[in-house]
Amino acid sequence: MLQLPVYMDNNATTPCDPRVVEAMLPYFTRYFGNAASRTHAYGWQAEEAVKWAREQVAGLLGAEPGEIIFTSGATEADNLAIKGVFGMYKSKGNHLITVATEHKAVLDTCAHIEKEGGEVTYLPVNAEGFVDLTALEAAIKPSTILIAVMYANNETGIVQPIKEIGTIAKKHGVLFFSDTVQAAGKIPVDVNRDGIDIASVTAHKIYGPKGVGALYVRRKNPRVKLTPQLDGGGHEKGIRSGTLNVPGIVGFGKAAALALEDLATERPRLEKMRNKLEKALLQLGGVQINGAGANRLPHVTNLSFMHAESERLMMGLNKNVALSSGSACTSAFLAPSYVLKAMGLTDEAALASLRFSLGRFTTEEEVDYVIEQVARGVRDMRGVVSI
Ligand code: PLP
């Protein structure tokens, strides 16, 4: 029996894996201590659990445990990375480079930096969603202190040429920050192989709890320093004060360990189902895969269905299928996705786009059901259009 609506919005958030919940539970009741309490066993138990979780999250990124700073999620981690670098290095330079298709947690933080006297270059992307490496290198100036490019895009699944960007950043002595939220645990991410100096992650995209994330901050070659954005008890090496969310962190650790364990088998399983979905829906005609030629995450596809506006399509489908469109409702009207617009899509194509993101609990049966439902919805809408 299918559980309706079928959930195909795993890039927005994922359900907690029951094994994650099980790992967390004792830390609400039995082991409830404050990880900063040094004088009794309750504190030591909590600290031990956080230590274990830190090792798991570090493992997800190929980092050292001492390079992980726990936060309340990736929005906070993105803010800390960008504002923290600007605060620490602004006497060296005030210029940042980022890309038009970044998540709002990065773009809006960059806009904030501009208000604080920073200068930000927003690089365009090509039709496949890639940033141009020549343009990126050309944008670097003596005042450049940070390059911020996400690993994989949340709307399209497009994976940027991260290793090449890391090489360029290193060559010019500029720090490289990557939002690895959608990539970590889904494809292999290794901060050393990829030349990343700072990276953000969040638990709720990898079957962990909401409200807990982390920032990887490189300790060697170079040693990265950040200006704290929260002042207080000096937790997390003074970079992020605040009592640690021990159950959340334990859940994050468990989620990271499971994601790493499953990565090799999940990747082909999801890719096969994603490809099946694409192939079937392309047969409707008038359907395009956004970023078709790009290196993409295995579980994501972003499709435009011509003459089928996605908001209306979803309205008809949402009892049966949980999906997302890139468009955002801004007060009275629907704004097309800025990510798709940056890739050169027309308003019409962008407003006709749907994102399908499969996950650990997606079954073949669910994929078949979604194909059937979406195909029917598109045909119905087009029938209306052509009258
Ligand atoms: N960065 C990317 C690429 C995301 O997809 C998200 C989640 O939507 C975030 C950052 C924000 O993460 P959080 O929900 O943990 O604040």
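Comparing Ile158, Met314, Gly59 along the charge dipole axis of the chain, the residue lying farthest to the positive side is Gly59, per the Cβ-charge model. Dividing the mean sequence gap of close Cα pairs (under 8 Å, 6+ apart) by how many residues the chain holds gives a relative contact order of 23 percent.
Highest mean packing first, where packing is the average number of other Cβ atoms within 10 Å per residue, the peptides 67-79, 110-122, 194-206 line up as 194-206, 67-79, 110-122.
Over the chain, what is the percentage of antiparallel beta bridges among all DSSP beta bridges, to the nearest 5? Close to 55 percent.
Packing around the peptides 158-166, 41-49, taken as the average count of other Cβ atoms within 10 Å per residue, puts them in this order, highest first: 158-166, 41-49.
A simple charge model with +1 on the Cβ of Lys and Arg, -1 on the Cβ of Asp and Glu and nothing else charged puts the dipole of segment 18-257 at about 660 debye relative to its Cα centre. For the chain, complete DSSP H runs whose alpha carbons reach 27 Å or more along their own long axis and whose mean Kyte-Doolittle score is -0.5 or higher are 41-61, 246-282, 364-386.
Entry note, segment 32-151: relative contact order of 22 percent, from Cα contacts under 8 Å with a spacing of 6+ residues. Among Ala264, Ala214, Ala138, the largest mean-square fluctuation in a Gaussian network model of the chain, built with springs joining Cα atoms closer than 10 Å, belongs to Ala138. Shown for the chain: the carbon plus sulfur share of the solvent-accessible area, taken with all protein chains present and a 1.4 angstrom probe, equals 55%.
Remark: the chain carries 42 Å² of accessible area per residue (probe radius 1.4 Å; ligands, DNA and RNA excluded).
Shown are Phe28, Phe177, whose ranking by accessible area with a 1.4 Å probe and every protein chain present, most to least, is Phe28, Phe177.
The values are calculated or read from the model by the stated rules, or taken from the named source; none is laboratory data. Owing to the predicted nature of the structure, the values given are computational and were not obtained by experimental measurement. Note that we place each Cβ from the backbone using ideal geometry, even for glycine, and neighbour counts take in every protein chain shown. We work out accessible area using only protein heavy atoms, side chains counted, and drop any ligands, DNA or RNA first. Shrake-Rupley method; radii C 1.70, N 1.55, O 1.52, S 1.80 Å.
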